[in-house]
Each structure stands twice: as structure tokens, then as C-alpha cells.
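Computed from the coordinates by the stated procedures, all read-outs in this text should not be read as laboratory data. No experiment lies behind these values; they were computed from the predicted model shown. Ideal geometry is used to build each Cβ from the backbone, glycine not excepted, and the neighbour counts take in all protein chains shown.
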Amino acid sequence: MFFKSTPIKSMKNAFDVSGKNVVVTGGNRGIGRGIAEAFAQSGANVAILCRNYESGLKAVEELKQYGSSYACFKCDVSDHESVKNAAREVFQLFDQVDVLVNNAGVATTTPFLSENGLSEWHRVINTDLHGVAHMIYEFAPAMRDSGKGGCIINISSVGGQRVSGSKQHHNAPYNVSKAGVEIFSRYLAIVLGDYGVRVNCIAPGPTHSDLDKDLPESFIKTVEQDLPAHRFGEPIEIGALCVFLASPAGAQITGCVYPHDGGLLCIV
């Protein structure tokens, strides 16, 4: 027997995620914080997993104004044991996880063939690709076995689809890991589909986050002058797309990669 989601009959409550239990990695800052904020404003309960526990607690305090349940658990997604411990704590808080957003990530500006290139390769891959695998491994089985379905959203990047500018902005392991996350997401959409677990990717383009400082000046000028949207995105805009994908309106969407890039992929 396959799990079949119920299609919406009208637009009433089509985007409702109130009461859903949501886990966001890296939800203490940047894009992850925007995602946590969007779900909190939409009535969901949110658990933030992050390395900087104090920063996560501060984020939780600021979310409390929205009136649902919020918590922070210390977690380094690159460390499987850390993820296992965090998952145990999450399932003590939530009887089930309805939405998992794998957002935590790091980048580099180190050329691959430089002295530290290989160590940077492992550092980035361990977080951006292996970290997603660790989270899926610990959380997806409970979604699969719940009989209620679920929604997994992996945050990739337009960097997983383009490598132009690599001479000026060396980020090879980031590009590779994000491309891997997108293929992994399509695989997961297939193997989890029978259980009502939908898996999608969002690929942000230029979006204000803690990685802004690593962007070359030439890229910032390209955004402002040549990008069709002529601006950076905001973290909560990524959050809004996450809410849509997790809502009843998104119940037929799985195995997709959504660029959220202001048109960047049109011009490079």
C-alpha cells in the first residue's frame, strides 16, 4: 500500500503549516535563521540544531514571540555521533518530525591545489554533503515509519550547477557537495516516496548570509548591475519557499530543485 497525500480542494489553509514540528540545521543565523523565522511566523514548532549553542539559544528566545514551541540543540552535522545525540534530544521534544530542513553549510576560498586545499576539501565536504547524509540517516527512518509522511528540504546552491568565476572565487568542495546534495535528494525522493516523504532542494543564489564576506567585489557588482532582480535575496525569502514546500499546497512536489537566485542562472 502506497502513501498518497490528499490534494487541496481550495486555497483555504493551502499554505498552513501551523502545528508542524520542524527541524532546521544551522537555524541560528543566516539563511537557516530566515527559515526558522518563516516557520515560526507560520505557526510551526521549530527545533534549531547548530554548533554555536549560545547563538541558538538567543535565536530561540527571539522566536518565542510567535507563540509555538522552540528549542535549540547543540549539533555538528559533520560528526555522526553529534547528530545521533541531537536526534535523540529532538525526539524527546517532538513525538514526530514533520519537516527536516538541512541547511547547515560552510564554504572556502582556498584553491584546491594549494597547500591547504585538500584539508579544506574534507572540511567542506564533511559538513555540506556528509552532514546532510548524517541527518537523513538519523531522521528519515522515523518519517518513513510514522505512517504520516513528511517533508525533507535540502538547501543546496546555484554553486552546485555553475562554476563560472572559479579563478577568482575558489570553492570547489562547495560546488561538488552542493551538486551531490541535489542528486542525493532525487534519490531520496524515489526511495521515500512510497511512504509519503517528499524530498526537494532549494538552490539559493546571491542571498545575504554569513558567507557575504567571502564574495569577491566583482561578483557583488554583477549582482547589482546584471542580475535580473538587481539585488541579493533575503533569508526569510528562502524560508517562505520552504514553508510553501512543506504546506498542503506543495503536497505534489518532490524530487525537484528550486533555484532561488534572482535570475543568476539566466546570465552565467
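Below is a table of values for the structure above.
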quantity: Cα-Cα pairs of segment 21-267 separated by more than 27 Å (percent); calculated: 31
quantity: In Hz, Karplus ³J(HN,Hα) per residue of segment 49-54 (6.51, -1.76, 1.60; θ = phi - 60°; x = Gly, Pro); calculated: 10, 7, 6, 8, 4, 5
quantity: Size of segment 124-268 as Cα extents on the principal axes (Å, biggest first); calculated: 50, 32, 23
quantity: For segment 15-137, the fraction of alpha-carbon pairs in successive 10 Å shells from zero, as %; calculated: 14, 43, 28, 11, 3, 0
quantity: Burial order of peptide ranges 233-239, 136-142, 29-35 (average beta-carbon count within 10 Å, highest first); calculated: 29-35, 233-239, 136-142
quantity: Hz values of 3J(HN,Hα) by residue in segment 224-236 - Karplus curve (6.51, -1.76, 1.60), Gly and Pro given as x; calculated: 5, 9, 9, 4, x, 7, 6, 7, 6, x, 10, x, 5
quantity: Karplus (6.51, -1.76, 1.60) ³J(HN,Hα), θ = phi - 60°, over segment 188-197, in Hz, Gly and Pro reported as x; calculated: 4, 4, 6, 6, 9, x, 4, 9, x, 9
